[in-house]
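Everything on this sheet refers to the single structure shown next.
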Amino acid sequence: MNILARLALIFVVVPLLELALLIRVGQVVGFWPTIGLVIFTGIAGAWLARLEGLRTLFKLRNDLAHGKLPGQAIMDGMAVLLGGALLLTPGIVTDILGFSLLLPQTRGSIQRWVRERLEESVRDGSIHMTVMGGVARAKSDDTGEEAHLAEVDRYREAVYREEKHQERPS
């Protein structure tokens with residue numbers, strides 16, 4: 001799916017789905033209970049996001065204090081931030097996804113799914129990472145590794161030449 005289709009999905013289809021679901025819920029349970037549900041999920045989401053955010057911050061500080069890389073704490077922090085934002089957005093689907101990102105029991109499986117998708121995208125070459133001025137790509141096999149390293153070296157040399165060229169006074 002290209003980027004334009006993804007943006008259309010996020011900013012057009014999801015809000016329309018949310019609106020349709022809220023209208024349907026309003027028809028079934030009534031107007032005021034639906035408004036109460038939206039307000040309740042916003043307040044509960046803010047409280048839970050604060051609680052999980054503080055827990056994640058303490059985990060991050062603990063990891064750093066013990067000389068560990070806080071990778072999981074950073075992933076948890078990003079999930080809590082996104083979950084809190086989704087819960088502040090009125091809607092049923094966004095509330096379900098938001099609570100799923102805030103609850104540690106479901107957050108882990110969502111993070112595993114996202115991590116697997118990212119690793120797969122790096123392996124197949126659809127995601128490229130720039131590392132210290134060079135381009136690093138994951139290779140699925142060992143053949144061509146020397147060619148890949150030579151490509152990275154050529155890229156670094158080109159960047160270095162470009163920086164040197166820009167430093168010269170005109």
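The values are calculated or read from the model by the stated rules, or taken from the named source; none is laboratory data. The shown structure was predicted, so the numbers you read here are calculated from the model rather than taken from an experiment. Note that we place each Cβ from the backbone using ideal geometry, even for glycine, and neighbour counts take in every protein chain shown. Just so you know, the surface numbers come from the protein's heavy atoms only, side chains and all, with ligands and any DNA or RNA stripped out. Shrake-Rupley method; radii C 1.70, N 1.55, O 1.52, S 1.80 Å.
Quick rundown of the values:
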item: 18 Å tail of the calculated P(r), the range 56-113, as % of Cα pairs; result: 37
item: Estimated inter-spin distance, GLN72 and LEU17, nm [label 7 Å along Cα→Cβ]; result: 3.1
item: Cβ-Cβ FRET estimate between VAL93 and ASN62, R0 fixed at 45 Å, reported to 0.05; result: 0.85
item: Approximate spin-label separation ALA8-VAL25, in nm, with each point projected 7 Å along Cα-to-Cβ; result: 2.8
item: Gyration tensor verdict on the range 1-105 (Cα atoms; rounded if a/c is under 1.5, prolate if a/b is larger than b/c, oblate otherwise); result: oblate
item: Dipole magnitude (debye, nearest 20) for the range 1-107, charges at Cβ of Lys, Arg, Asp, Glu; result: 220
item: The range 44-125 - accessible surface per residue (Å², probe 1.4 Å); result: 64
item: For the range 92-134, alpha-carbon Rg and Dmax in angstrom; result: 14.5, 44
item: Whole-angstrom gap from the range 79-118 to the range 15-63, using each part's C-alpha centre; result: 11
